[in-house]
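What follows is a short report on a single structure.
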Amino acid sequence: MNTLALFNPFSGRRLAFLGLVWLGFILICALAAPLLAPFDPLAIAPVDRLSEPGGSYWFGTDNFGRDTLSRCIYGARMALIIGLGTVAVSLTAGSLIGMLSAYFTRLGHVLMRVIDVLMAFPALLLALVLMTLLERSVANTIIVIGIVYTTTTARILFGMTLKLKNEVFVEAAVCSGAGHCSVLFRHILPNLISPLLVQASFIFAFAQLQAAALDFLGLGLPPEIPSWGNMLSESRIYVTRAPWLLIFPGILIIFSVFSMNLVGDALRDSIDPRFKDDIAGV
Amino acid sequence: MALLEVRNLCIAVGSGGALLPVVEDVSFTVEAGRTLGIVGESGCGKSLTSLAIMGLLEGSQVRITGGEIRFAGRELTKLPAAERRAIMGDQMAMIFQEPMTSLNPVYRIGDQIVEVLRQHRSMSRRDALVRAAELLALVRIPGPAERLKSYPHQLSGGMRQRVMIAMAIACDPSLLIADEPTTALDVTVQAQILDLLADLQARTGMAVVLISHDLGVIAETCQTIAVMYRGRIVESASAAGLFAAPRHPYTSGLMASIPDADADCETLPAIAGRVPRIDERIGGCAFHPRCPRAASRCAIEPPATATYPEDHVVLCHFPEEAAP
Amino acid sequence: MKISLWWKSAMAGCAALLLANSAWADGTLRYATVGEPPSLDQHVVTSDLATTIAHHMFEGLYTFNSANAPVGLLAAGEKLEDDGKTIVISLRKGVTFHNGQEMVAEDVLASLNRWGEHGSRGGLLYSNVTSIEASGDHEITIKLKAPFGPWKNLLAFINGGPAIYPASVAAAAGKEPIAPEDYIGTGPYKFGEWKANRHVELVRHDDYASIEAAPDGYAGARTAHFDKIRFIPVPDVGTRVSGLKAGDYDYAESIPGDLFADLDADPNVKTILNGGPIFGLIFMNSKEGPLKENFALRRAIQAALDKVPALQVSIGPEKLWRANGSFLPEGNVWYSDAGADNFSRGDTDGAKEMAAKAGYQGEPIKFMVSTNYAFHYDQAVVFTKQLAQAGFNIDLQVYDWATLIKKRAQPDQWDLFFTHHGFVPDPILISVMNDNYPGWWATAEKAGLKAKFTGTADEAERQKIWSQIQTAIYEQVPTMKTGDVYTYNIASPKLSGLASSTLIWPHFWNVDN
Amino acid sequence: MLAYAIKRIFVLIPTLLAASLLVFVFIHLIPGDPAAVLLGDTATPEEVAQLTREMGLDKPLYTQFVLWLGNFLQGDLGTSIFFQEPVLSVIADGAETSILLAVMTMFWIVIFGVPIGVVSATRHGTWIDQLSSGGAMFAASIPTFWLGLYLILIFSVTLGWLPSSGFPSLSDEGGLTNLRYLLLPSLTLAAPNAALIIRLVRASMLDVQREDHVRTARAKGLHPLRVAYAHVFRNALIAVAAAFGFTFAALVSEAVVTETVFSLPGVGRLVVQSILRRDYPVIQGVILVIVILYMITNLLVDLAYAWLDPRVSLK
């Protein structure tokens, strides 16, 4: 496939294209954080605490005297890790469960019941209980949010695989003696790649909000990690005293989630119409 | 005066700022009580023409760019929307190709018939229901009173098309437009529906515009026939005249495509080539790439109309002069 | 269409709600608390929040005046006999409980006995008591094994202290906290209702028998001006601040230091400093792990810490903290600088050397801290950095408070943990003096000093011994004080009668709006 | 329909059992000791151990589960460790706030979400459509607590129009006017969810608009508003009804954050506080109640489906 084809959904969608540009900018921040950040995001400078934006601190400093700009840049890295991690966990687990359930009917009966039970738990509550159970860490946050979105992904993949299972090309593959693995992963899965990509973009976006909510409730990433959610959570008392501590990370979260949603929306319009209704998005 | 008179109708679809003509210079008349058949392959503009007459193009990407549509002496294209709506469903009604999807799945069919009755006639709901049952009886639906309570999904395709017809004739229209009314149905049901339409027409004296890609269907029911190709009427004549002596090569091709029950040939001498896309530009005569008799002139110069006796009109550089 | 109707009704609804004036009766004081107390039973619960609420309802025999000296409240006076081994306390007459009964010696006896047996701090006194009896309708006689210095402070300290309940309540209650319907005391307010998750409400006790003396600290006359006091849990500190500013609360507790300057300058907010500072404590594990009995290593850790940046970072304005090594604040009778030159050395190189000498080879040291208290976490972050610079391998483990207090009871789970301590009038009440408190400091030196400390009633002598104990704490380092923090509360300027500072817990008798 | 509902409820029981087992196991795996939290900082290990025994928390997990399940089947969710009150009454106290908050939020979602979605669909492709669907997506991208903080700052602290936090019961002084305490929280909670509904209403109306039966309706000569309302919107409602069900369930969960920001005495904040206090019976109770609520919502959505769409038959 032509790589340029990936950009087709963005022709004529100026806003979605801007979203793509913003995400590219965030990606650069994340990858080149040590080069871009003017300060160590963890360096404490009690003398400079709560400095206003300006001078050598473009975005001001927090109550530890840590540079907000540097923390925002490193926060991009954390956003990327959380987003990609959640996508990896939920798509891998979700598509495996969904595809196997649709393909092996009996197994599916059991697995989808389990998914039903999990789906009965409200997402944030499930995440809360799981987070209290585990320790606060990056990996655990990713796993917990991943589990939440595994259920929805499994549901979606279940439906889509069922649709494909009865297609001619699948029957042809079965008739020609292809094994279960081959049918599932070489014939069915390739057809689901583009809807999965769309689903991934929405999960990426929602994972940011979920992680921020967990950080806010004090049950997300460890507090010493510079993430946008932690920055907001720690600084909420400074809403009038040091507003820059809430405004900069807040804008970063909002714009990144918004961009990711725009991109997902644009991608969705370009996928196989059979699957369009399966993916909810925003 | 003719009931419906279409003069030089032009329709274009707006795509990306530019207007793309899809129906050009179409003219025909329909007398009260008579049946006009419009025939052509899909995409030739016959359905758009019918929607334009009905007034259903509004709000879509497609619009009328020229010409006039006179109905019972009124120029429809210039009427305000409200007056236009007063005609729709009342003096002029339409049935569609897909009986499966043309009824709203969430309402009982009784309610759907009542809706049109109450829109145009000041009737109580109760009276309207009585009338709806009569209409169902008229379209030969058994047990009409009970059927009123049915939902569309509980009926077969043929039944649903009957309901559509009942809805269309509810207000005694003087013109019924039937856009491929039988295409989606079984052959046996097709015949019943055509039969029903003819019967109703005889009873009520309404005029019918029947649109189809199937010359066979047209041949059975119409007094006059217009053949459309790529947005233009390429030939029009009385049914007898047309079948006796098709003069446009496209018409001949269509006729040759009618399966003949007596012939035992395996293949149909269908028209060569494919229907061109609407955004393809074709100079000269639009049919020349597929025309067996095309000459170099056809690719350059658009043909002019040639008129033969008995209002037989042909749009071709080399019309067939006599019956083969 | 219908939409316009929806809009109209929505707008009308909004307008109605906006225009509705604050429907609150002026007679209610609304107090935004940090959370909900586990119980208001003063005998068994030591939560500061519980006392803030409960000391409006329950009273002890003594209380503290503004100089933190114990003075009579339900006690009219006392006589010491037998070299201080017999204490005869006479009770005030005409004091009625909220249930209408008069308070008599029998009630006091039952309350003291329950406190002595089950109360959080009762054991301290009762381990020295040989007998206690009602020697008259309004007289109690306590006989001690030996003269016991802190008796009056212990009786006056209502937090985990001997509140006086009716005999029927005190006798029926065992170890379990008494139920809200049995909250019957003698205070100016009585129990109204406790709606879980919503509020605790006190209502004025109209038959309150007040002392006729000028108010002085908690002592003196108490007049209830409000019809009701409502303690509303508002765990989010930002919400407490904006709620007070917006007029939804009249008083809000535990406000972050960084907001002090702004709030102090805000004419719509009154700031009230807490007179008794709280202080952070980092306990060391004396039972297990690398720090067990390795006093040299402990001193190395102590030497590495510079408390000033931690206080700056966690509290902010200098007015609100003191890098003070004495366990009790300056101006207090227990103030002592013994050993305090080791309080905040911040000597990275010296610490490195000391650690090497103590045989430290980079073993991981587990440091537990909770995020439930922002200043714990903030200070711990600074200390972890300082210790790392001095070559210590600190494993900072961040938990929520519930997990931390479960883990700290297990000696194999930790080496250091962070907590804080409220102001106490007598050093014997400081947690490190309790051998069973996690950390389990129970060396022979401590035992000897502690016995001497409680064995005398001579204040000057006791103060001298306390200095020696403090020196021992800086030598053996069972815990490290991180500095005094003066917390503050905020109030609506409409409230009159509030002092510019509180002793320990805010009180709302003699306050009006 | 009633028979179907009853049958569905029976089918729910195994799911509910599985869910309750899951909750029970999860919650008891959480480190932290309720007895220690309850007794406070000065408690000795012996006291903690004794209280643990008294509360039955030292028994094997399966015994605790069986006991708890037995009580649960009798409608007894146990006693709150922290409040020493029946869990059911603790939850009932919080339910007033949570239900009112959810209802008020749904009100905003309907008031804002549906009309804007309808206008967006009927003006498909115009700047109104782009503004409202883009705006909706933007609203859904704002973290709720961030939005809440600023709403408090603007409308309570600066303008002084609305109370910032808390919610006195409707039975308290002030009566119905106490609802204004829920205005900001419900708007905060409604923002992302209304956005979802806007986009959903718009998308399903556009889908329906393309359907043949809408053309039939127009051919009847009906007024465009009548077509939009009785034919397009009515049919689009089928897809929207499902979303309303899920939105309502999501609200209860998302309310955790909103109730914390606005310090509302609701079930959401109760659950967070109970997790911090390790008040197992309350956590279990709340989660189970919410799970049951979710299942009932699902059932109601299915019934609504059948009611809205005659093609759906209840089996």
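Within the stretch B:35-80, how many residues turn out to be closer than 14 Å to B:M92 by Cα, touching a residue at least 60 places away in the same chain (Cβ under 8 Å) and surrounded by fewer than 19 Cβ atoms within 10 Å (Cβ to Cβ)?
3
Of the residues D:S165, D:S141, only one is polar (S, T, N, Q) and facing chain C (nearest Cβ under 9 Å); which?
Selected residue: D:S165, the only one of D:S165, D:S141 that is polar (S, T, N, Q) and facing chain C (nearest Cβ under 9 Å).
Could you list, in sequence order, all residues of the stretch C:444-481 that are surrounded by 16 or more Cβ atoms within 10 Å (Cβ to Cβ) and either touching a His at 6+ places or on another chain (Cβ under 8 Å) or assigned to a loop (DSSP other than H, G, I, E, B) (or both)?
C:G455, C:T456, C:A457, C:V477, C:P478
For the stretch D:53-68, what are the residues that are surrounded by fewer than 16 Cβ atoms within 10 Å (Cβ to Cβ) and within 23 Å of D:Q273 (Cβ to Cβ)?
Result: D:E54, D:G56.
Give the residue, chosen from A:R113, A:R71, A:R106, A:R136, that is part of a helix (DSSP H, G or I) and either within 14 Å of chain D (Cβ to nearest Cβ) or under 18 Å from the mean Cα position of the chain (by Cα) (or both).
Values: A:R71 fails: either within 14 Å of chain D (Cβ to nearest Cβ) or under 18 Å from the mean Cα position of the chain (by Cα) (or both); A:R106 fails: either within 14 Å of chain D (Cβ to nearest Cβ) or under 18 Å from the mean Cα position of the chain (by Cα) (or both); A:R136 fails: part of a helix (DSSP H, G or I).
Matching residue, one of A:R113, A:R71, A:R106, A:R136: A:R113.
Residue-by-condition table, conditions (1) more than 27 Å from D:P86 (Cβ to Cβ); (2) not in a strand (DSSP E or B):
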site	(1), (2)
C:L154	yes, yes
C:G160	yes, yes
C:K175	no, yes
C:I184	no, yes
C:K190	no, no
C:E193	no, no
C:L202	no, no
C:A209	yes, yes
C:A214	yes, yes
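Among the residues of the stretch D:211-229, is there at least one that is at the interface with chain C (Cβ under 8 Å from one of its Cβ atoms) and assigned to a helix (DSSP H, G or I)?
Yes, that holds for at least one residue.
Tell me which residues, restricted to the stretch B:105-148, are among the hydrophobic types (A, V, I, L, M, F, W, C) and either within 16 Å of D:H213 (Cβ to Cβ) or outside any helix (DSSP H, G or I) (or both).
B:V106, B:I109, B:I113, B:V114, B:V116, B:M123, B:V139, B:I141, B:L148
Does the stretch D:162-181 contain any residue that is among the acidic types (D, E) and part of a helix (DSSP H, G or I)? Explain how you work it out, then say what you get.
So in the stretch D:162-181, the residues among the acidic types (D, E) come out as D:172-173.
Then drop every residue that is not part of a helix (DSSP H, G or I), which leaves none.
No, the conditions are met nowhere in the stretch D:162-181.
Can you name the residue in the stretch C:482-495 that is part of a loop (DSSP other than H, G, I, E, B) and within 14 Å of the chain's Cα centre (by Cα) and, of all such residues, is surrounded by the fewest Cβ atoms within 10 Å (Cβ to Cβ)?
Looking only at the stretch C:482-495, we keep the residues that are part of a loop (DSSP other than H, G, I, E, B), and these are C:486-487, C:492-495.
Next, from what is left, pick out any that are within 14 Å of the chain's Cα centre (by Cα): C:486-487.
On the way: C:Y486: 21, C:T487: 23.
If we take residues in the stretch C:482-495 being part of a loop (DSSP other than H, G, I, E, B) and within 14 Å of the chain's Cα centre (by Cα), then C:Y486 is surrounded by the fewest Cβ atoms within 10 Å (Cβ to Cβ).
Step by step: first the residues of the stretch A:125-176, then only those that are buried (at least 21 other Cβ atoms within 10 Å of the Cβ), at pLDDT 85 or above and not hydrophobic (A, V, I, L, M, F, W, C), then the one that is farthest from A:G83 (Cα to Cα). Which residue is that?
A:T161
Got a number for residues in the stretch C:291-314 being in contact with a helix residue (DSSP H, G or I) (Cβ under 7 Å, 6 or more places away or on another chain) and part of a loop (DSSP other than H, G, I, E, B)?
Residues in the stretch C:291-314 being in contact with a helix residue (DSSP H, G or I) (Cβ under 7 Å, 6 or more places away or on another chain) and part of a loop (DSSP other than H, G, I, E, B): 3 in total.
Return the residues of the stretch D:69-123 that are in a helix (DSSP H, G or I), surrounded by fewer than 23 Cβ atoms within 10 Å (Cβ to Cβ), among the polar types (S, T, N, Q) and more than 9 Å from every other protein chain (Cβ to nearest Cβ); say none if nothing qualifies.
Matches in the stretch D:69-123: D:N71, D:T122.
Kindly provide the set of residues from the stretch B:84-105 that are within 8 Å of chain D (Cβ to nearest Cβ), surrounded by fewer than 21 Cβ atoms within 10 Å (Cβ to Cβ) and closer than 15 Å to B:V163 by Cα, ordered by number.
B:E98, B:T101, B:P105
If B:V23 satisfies every condition in (1) away from chain D (no Cβ under 14 Å); (2) buried (at least 22 other Cβ atoms within 10 Å of the Cβ); (3) part of a loop (DSSP other than H, G, I, E, B) but one, which is the exception?
For B:V23, the failing item is (3).
Please verify whether D:L187 is within 14 Å of chain C (Cβ to nearest Cβ) and at pLDDT 90 or above, treating the condition exactly as stated.
yes
Need the failing condition index for C:L396 against (1) over 22 Å from the mean Cα position of the chain (by Cα); (2) within 14 Å of chain D (Cβ to nearest Cβ); (3) within 30 Å of D:Q273 (Cα to Cα), just the number.
Only one criterion is unmet by C:L396, namely (2).
In the set C:L305, C:L263, C:L244, C:L328, which member is within 14 Å of chain D (Cβ to nearest Cβ) and buried (at least 23 other Cβ atoms within 10 Å of the Cβ)?
On the way: C:L305 fails: within 14 Å of chain D (Cβ to nearest Cβ); C:L263 fails: buried (at least 23 other Cβ atoms within 10 Å of the Cβ); C:L328 fails: within 14 Å of chain D (Cβ to nearest Cβ).
Of C:L305, C:L263, C:L244, C:L328, the one residue that is within 14 Å of chain D (Cβ to nearest Cβ) and buried (at least 23 other Cβ atoms within 10 Å of the Cβ) is C:L244.
Look through A:L232, A:L245 and report the one residue that is facing chain D (nearest Cβ under 9 Å), modelled with pLDDT of 85 or more and either within 27 Å of A:T68 (Cα to Cα) or part of a helix (DSSP H, G or I) (or both).
Checking each option against the conditions leaves just A:L232.
Please indicate, with yes or no, whether at least one residue in the stretch C:409-419 is within 24 Å of C:G160 (Cα to Cα), in contact with a Phe, Trp or Tyr (Cβ under 9 Å, 6 or more places away or on another chain), more than 9 Å from chain D (Cβ to nearest Cβ) and not in a helix (DSSP H, G or I).
The initial filter retains those residues of the stretch C:409-419 that are within 24 Å of C:G160 (Cα to Cα), namely C:409, C:417-419.
Those left that are additionally in contact with a Phe, Trp or Tyr (Cβ under 9 Å, 6 or more places away or on another chain): C:417-419.
Pick out the ones that are also more than 9 Å from chain D (Cβ to nearest Cβ) and you get C:417-418.
Filter once more, so that each one left must be not in a helix (DSSP H, G or I): C:417-418.
Yes.
Sort out which residues of the stretch C:227-241 are within 18 Å of D:L159 (Cβ to Cβ) and within 7 Å of chain D (Cβ to nearest Cβ), and write them in order of number.
Listed by number, the residues that qualify are C:G238, C:T239.
Restricting attention to the stretch D:238-260, and to residues there that are at pLDDT 85 or above and more than 8 Å from chain A (Cβ to nearest Cβ), which single residue is nearest to the chain's Cα centre (by Cα)?
Checking each candidate, the answer is D:A255.
The values are calculated or read from the model by the stated rules, or taken from the named source; none is laboratory data. Quick caveat, the model's predicted, so the values are computed rather than measured. Every residue, glycine as well, gets a Cβ built from its backbone with ideal geometry; the counts of neighbours run over all protein chains shown.
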